[in-house]
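Enquirer: Quick one: structure below, then a few questions.
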């Protein structure tokens, strides 16, 4: 009888020393709006959970009388740290303050192909544009490149003009200026007659034959023509052409 009594006493002692409790609570904004999906993490135990649609959470099986650092966080809000020592089940309410993040500048240059891009392309630089520009419309300058045929209603290259690349007309050619598409939203056409002598302001032109790097819609099916204008000059200058 004495043996059984000691066994029960030891079992009760072990159970008491291994007592575990739960931590529950609610996470909201400073205005009281519940934050669904907020993170709750216990650093020492490397365990955690997330809040439900009401901003509530529950962590179970936490040890008794141990100093636990809990971290409450949510994207766009300043994280909150609390230190707790559990002696029984514990309930806590956390309010997180909004936090602004300043990201670095991002430059997107996906519309132009580089030397290693597996796309058939041709680039006309500023020097070539100046040498070949005779005052005609843009298609007559572009016809210096492979697989491109230019045409003009008047036959002079001035006025209504167009071009084809690999037999595809301009409604299936994506034309951009500084990565901004010029194609009409409905017909996908580009009316170059509305841009007289625009070529004087162009620094370089890249032509990509076939489906290239552009992602500006259905007009990029046949080819892409990307024009980059001259960069801003901080010094005054003038030109005289004979």
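The values are calculated or read from the model by the stated rules, or taken from the named source; none is laboratory data. Just so it is clear, the model here is predicted, and its values are computed rather than measured. A quick note on method: Cβ atoms are made from the backbone with ideal geometry, for glycine too, and the neighbour counts reach across all protein chains shown.
Enquirer: Name every residue in segment 34-80 that is out of contact with any strand residue (DSSP E or B) (no Cβ under 6 Å at 6 or more places or on another chain) and free of Cβ contacts under 8 Å to residues at least 12 places away in the same chain, in order of residue number.
Expert: Once the filter is applied, which keeps residues that are out of contact with any strand residue (DSSP E or B) (no Cβ under 6 Å at 6 or more places or on another chain) and free of Cβ contacts under 8 Å to residues at least 12 places away in the same chain, segment 34-80 yields 46, 75.
Enquirer: While we're on this one: If residue 112 satisfies every condition in (1) in the same structural domain as residue 224 (by TED's automatic domain parsing); (2) surrounded by 15 or more Cβ atoms within 10 Å (Cβ to Cβ); (3) in contact with a strand residue (DSSP E or B) (Cβ under 6 Å, 6 or more places away or on another chain) but one, which is the exception?
Expert: Single failed check for residue 112: (1).
Enquirer: Given the structure, is residue 123 touching a strand residue (DSSP E or B) at 6+ places or on another chain (Cβ under 6 Å), in a loop (DSSP other than H, G, I, E, B), modelled with pLDDT of 80 or more and under 30 Å from residue 211 (Cβ atoms)?
Expert: no
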